[in-house]
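Submitted below is the structure of interest, expressed as structure tokens.
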Amino acid sequence: MNRNNKLWYRKPANTWLEAIPIGNGRIGAMVFGGVKEERIQLNEDSVWYGGPKQREYPDAFAQLGTIRRLIIEGEPQKAEHLARMSLTAAPKFLGPYQTLGDLKLFFYGKDGEACEYVRELDLDSGVTGVSFKMNGVSYRREIFASPVDHIIAVRLEADTPGSLTFSASLSRRPFEGTSAKTGSDGVVMSGQCGPDGVRFAAVLKAVQEGGTVSCIGDFVSVEAADHVTLYLSAATTFREDDPFSVCLERVEAAAIKGYSAIYKDHITDHRSIFGRVSLELEDTEGGCSEDLPTNERLSRVREGQKDQGLISLFFQYGRYLLMASSRPGSLPANLQGIWNESHTPPWESDYHLNINLQMNYWPAEVCNLAECHLPVFDLLERLRENGRITAEKMYGASGFVAHHATNLWAETDICGIYVPAVIWPMGGAWLSLHMWEHYRFGLDKKFLSDRAYPMLKEAAEFFLDFLIEDEYGRLVTAPSLSPENRYLLPNGNEGCLCIGPSMDSQIIYTLFGACIEASQLLEFDESFRRKLEEALIRLPDPQVGKHGQLMEWSIDYEEVELGHRHISHLFALHPGEQITLDHTPELAQAARLTLERRLTHGGGHTGWSRAWIINFWARLQDAEQAYDNVLALLKHSVHPNLFGEHPGELPVFQIDANFGGTAAIAEMLLQSHRDEIILLPALPTAWANGRVSGLRARGGFEIIIAWKDGLLSEAIIHAEHCKVCIIRSKIPISISHDSGVFIAESSMSNPILRFQTEAGKRYRVRPLS
């Protein structure tokens, strides 16, 4: 086990943003670690306020032509005024994802001073621990969320018999519903999330060793026990007709199975996934920083000290959070993953489709968590059903469309009233590309034919109908926008709605290209492929503007906010691959200037934006810029529990900074776009020595990389399929079978090395001396 893979603290959490997260995909909790009173804040992934809405926009299609004409005539403000009234749906807003409530433990007799206190999260096991001594007694708690048994387990132990006396309750202030006993050793809390929303239930059961357990009122009462295990399950009518019965059955089954077996199965399941990837960054300056509490390590970094171990911890923490908030059968990770203590969280803690949900899943494939990606595909299939209706009613188009945000019910209408964000028809298209990426990493032809291609095709069908011809004969989107940004016209008008924002063209280019390639691989749908090929060549290409920057719109407008947090027009650089340093150097230089302009004017001030910037610098193979922005992320955009921060008057948690940061660190070590593997593409001088294992590359490869003094020592490529492997290297390298038999080598004049692999075989990459 890696001693660095642990978050730990010397005192209980005072605030929610100091608490420790656990989760199994469907159920999550935040553990505060209190001594006299413990709070474990609870979530269940389908606890959203309100039911599905039949939203109306009766004038949308009738006004679409007028809105387009106003934009073309240079009157974006008039277009936005009309679009706000005609295109936004009624009712306007999505119901929020909400807290399930709290599990509170009230300890009797804890009147002394606690010493030797430790609160920790062991990433290798997925178990949170709390330990301390009081009045000569050592106390220990273990808390985890089991995906195997669908429960949260809370184990309480003391080294002196009869030392555990406490009461436990479930509450959901101020929307509690009902609470009651369930026999002599448990309680239930139930209610409904609005008059048309899901009904929920949470059941708590106690099993003691020594002492007694009883129920008094709606509390579980434990008296003078030696050890106690609490089992909690939660469910809603989103999945279950009778959530109370399901929860009761689960906690009863857990009690029969016993804590030792549940703990063992949880550890086995967790390590089978988390243990696939390891990262070691040698810390030549920071000393034994893993011996310091996490909050102190974070403070030291903010003071300018080095701690490469904290970077590797942050990387692995992102993998842990994705495992904990997104598992097969769960909903996808939302803006806060699965963790939310509020009934009215920021931005409804919904699924934002204009970068945030996509960023959540950037680490899924490369960081060897492919099964955690599956909830996105389940959501996509529900989005497609609703999006067909939206496409036809709003735009008179075939295929399917989704806009900037969605919710539990996979709604696809234009929800909200903030025009610079909501009138953007690209959410479904961008998200569908995640299915294509899943195929590219795993090469599962059945997945491609059964799930990915049908989704990609319907997303593409929408744009074949929706695109219009601009004055230059190009096919462009309209109305649309560059997410949340605004531009200035020469006539002084300011706008956000436009024709052909660069990001739209780049997403559609990638979508059409994916459909074409998938169709060729499947040897299917030739007539549709020809339509896409004809449309593809009419899309606007990425263009360089008057400042040397990549143009954000199809016309070289001036920007209103030069340091805007969205850098949407660099989609073609990342996560797209239309722009690369080696294949399109002029556009790569324009992308660099775009980044420099944004950062010079204050860009990157949100956690997720900073994470995207690291990915951009990694794709540009600028190791030092990427590393500086990793440090900036830790210094300015991370809470004490390492949750990502979205700054404002009251800084809030937004999990995309965690997932985007994890993906970015992987991108610095391994890239595989354009069907070329690049080893250590953006290795900073601060990471002179290190090793990473288990990262995945497109094409069905799993890779181990070791390096010393900033140079590649060796890489091992494990091939999952019989396939040609292509490596691009700045230094001459040789390839051999794992047995040592030489295969090929590259040179300075020929940096591309191609070789045939066999499924199940390993290949060694070494630098030529």
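Excluding same-chain residues fewer than 8 positions from K92, which lysines have a Cα within less than 27 Å of its Cα?
K53, K78, K393
Still on this model: Would you mind classifying region 665-710 by shape? Square roots of the alpha carbon gyration tensor eigenvalues, ordered a ≥ b ≥ c; an a/c under 1.5 is rounded, otherwise it is prolate if a/b is larger than b/c and oblate if not.
prolate
Any idea what angle helix 76-86 forms with the longest principal axis of the chain, computed on alpha-carbon atoms, 0 to 90 degrees, nearest 10?
50
Can you give me the Cα centroid spacing of region 743-769 and region 654-719 in angstrom?
Cα centroid to Cα centroid, the span is 17 Å.
By the scheme Lys and Arg +1, Asp and Glu -1, what is the net charge of all other residues having a beta-carbon under 14 Å from that of D709?
So the surrounding residues net to 0.
Next question. With no solvent and one equal point scatterer per Cα, compute the Debye intensity ratio I(q)/I(0) for region 28-153 at 0.22 Å⁻¹ and report its log10, rounded to two decimals.
With one equal scatterer per Cα and no solvent, log10 I(q)/I(0) is -1.23.
Within 10 Å, count the other beta carbons around each residue, average over each peptide in 554-565, 334-345, and list them highest first.
334-345, 554-565
For K306, list the lysines whose Cα falls under 25 Å from its own Cα; do not include residues on the same chain fewer than 8 positions away.
Within the straight-line limit of under 25 Å, K306 reaches these lysines: K6, K11, K635, K708.
Could I ask something else about it? Using a probe of 1.4 angstrom, how much of the accessible area of region 615-769 is carbon and sulfur, in percent?
After summing per-atom areas, the C and S share lands at 51 percent.
Specify whether the C-alpha gyration tensor of region 208-256 places it in the rounded, prolate or oblate class, a ≥ b ≥ c being the square roots of the eigenvalues: rounded for a/c under 1.5, otherwise prolate if a/b is larger than b/c and oblate if not.
prolate
Moving on to the next point. Given Cβ point charges of +1 (Lys, Arg) and -1 (Asp, Glu) and nothing else, what value in debye, to the nearest 20, does the dipole of region 217-293 about its Cα centre take?
Approximately 400 debye in magnitude.
Let me ask something else. Evaluate the charge dipole of the chain about its Cα centre and quote only its size in Debye, nearest 20, assuming +1 on the Cβ of each Lys and Arg and -1 on the Cβ of each Asp and Glu.
That gives the chain a dipole magnitude of about 620 debye.
Another question about this same structure. Among F755, G28, A618, flag the residue with its Cα farthest along the positive direction of the charge dipole of the chain, charges on Cβ as +1 for Lys/Arg and -1 for Asp/Glu.
F755
Rounded to whole Å, give me the distance from the Cα center of region 553-611 to that of region 453-498.
Distance between centres, Cα-based: 18 Å.
While we're on this one: What's the whole-number percent of alpha carbon pairs in region 608-709 lying beyond 16 angstrom?
Here the tail beyond 16 Å accounts for 58 percent of pairs.
Something else about it: Give the carbon-plus-sulfur fraction of the accessible surface of region 288-383 in %, rounded to a whole number; probe 1.4 Å, heavy atoms of protein chains only.
47
Now for a different question. What net charge is computed for the residues neighbouring I726, neighbours being all others with C-beta under 13 Å from the C-beta of I726, Lys and Arg scored +1, Asp and Glu -1?
+2
Which of the peptides 134-147, 615-628 is most tightly packed, and how do the rest follow, going by the mean number of other Cβ atoms within 10 Å of each residue?
For the peptides 134-147, 615-628, the packing ranking is 615-628, 134-147.
If we restrict to alpha carbons, what Rg and Dmax does region 678-769 come to, in Å?
Gyration radius and largest Cα-Cα distance of region 678-769: 12.6, 37 Å.
Quick one: angle between helix 374-395 and the longest Cα principal axis of the chain, in degrees between 0 and 90, rounded to 10, please.
So the helix axis and the longest Cα principal axis differ by about 50 degrees.
Provide the per residue accessible area, probe 1.4 Å, for the chain, rounded to a whole number of square angstrom.
Here the per-residue accessible area is 35 Å².
Could I ask something else about it? So how far, in whole Å, is the C-alpha centre of region 269-321 from the one of region 328-372?
Measuring centre to centre over Cα atoms gives 22 Å.
Once Lys and Arg get +1 and Asp and Glu get -1 on their Cβ, which of T165, V188, H227 lies farthest toward the positive end of the dipole of the chain?
H227
For the chain, what is the calculated [θ] at 222 nm in deg cm²/dmol (nearest 500), taking -39500 (n - 2.57) for each run of four or more DSSP H residues and dividing by its residue count?
-10000 deg cm²/dmol
While we're on this one: How much accessible surface does K457 have with a 1.4 Å probe, in Å² rounded to 10?
50
So, one more: How tilted is helix 607-619 with respect to the longest principal axis of the chain? Cα atoms for both, answer in degrees (0 to 90, nearest 10).
It works out to around 50 degrees.
Over all alpha-carbon pairs in the chain, figure out the percentage whose distance exceeds 48 Å.
Taking all Cα-Cα pairs of the chain, the fraction more than 48 Å apart is 20 percent.
Report Rg(Cα)/(2.2 N^0.38 Å) for region 396-456, keeping two decimals.
Normalised Rg, Cα atoms only: 1.32.
How large is the direction-averaged shadow of the alpha-carbon convex hull of region 138-246, in nm²?
The number I arrive at for region 138-246 is 7.4 nm².
While we're here: Using the Cα centre of the chain as origin and beta-carbon charges of +1 (Lys, Arg) and -1 (Asp, Glu), tell me which of L70, C415, I704 is placed farthest towards the positive end of the dipole.
I704
Within the set of other residues whose C-beta is less than 14 Å from the C-beta of P91, count the net charge using Lys and Arg as +1 and Asp and Glu as -1.
-2
To continue, here is another question. Could you give the radius of gyration (one decimal) and Dmax (whole number) of the Cα atoms in region 572-635, in Å?
11.3, 34
While we're here: Please work out whether region 322-437 counts as rounded, prolate or oblate from its C-alpha gyration tensor, where a ≥ b ≥ c are the square roots of the eigenvalues and a/c under 1.5 means rounded, while otherwise a/b larger than b/c means prolate and anything else oblate?
oblate
Sort 273-283, 735-745 by packing, meaning the average of other beta carbons within 10 Å per residue, with the highest value first.
So the order, starting with the most tightly packed, is 273-283, 735-745.
If the convex hull of the alpha-carbon atoms of region 523-664 is projected onto planes in all directions, what is the mean projected area in square nanometres?
So the Cα hull casts an average projection of 11.1 nm².
Just the number, please: carbon plus sulfur as a percent of the accessible area of region 442-518, 1.4 Å probe, no ligands or DNA/RNA counted.
48
Against the globular-protein guess of 2.2 N^0.38 Å, express the Cα radius of gyration of region 495-556 as a ratio, rounded to two decimals.
With N residues counted in region 495-556, Rg over 2.2 N^0.38 Å equals 1.36.
With the convex hull built on the Cα atoms of region 224-320, state its orientation-averaged projected area in nm².
10.6
Here is a follow-up. About the Cα centre of region 638-769, how large is the charge dipole given +1 on each Lys and Arg Cβ and -1 on each Asp and Glu Cβ? Please answer in debye to the nearest 20.
It works out to roughly 540 debye.
The values are calculated or read from the model by the stated rules, or taken from the named source; none is laboratory data. All of these numbers come straight from a predicted model, not from anything done at the bench. Cβ coordinates were reconstructed from backbone atoms using ideal geometry, including for glycine residues, and neighbour counts include every protein chain displayed. For accessibility, only protein heavy atoms count, side chains too; no ligands or nucleic acids. Shrake-Rupley method; radii C 1.70, N 1.55, O 1.52, S 1.80 Å.
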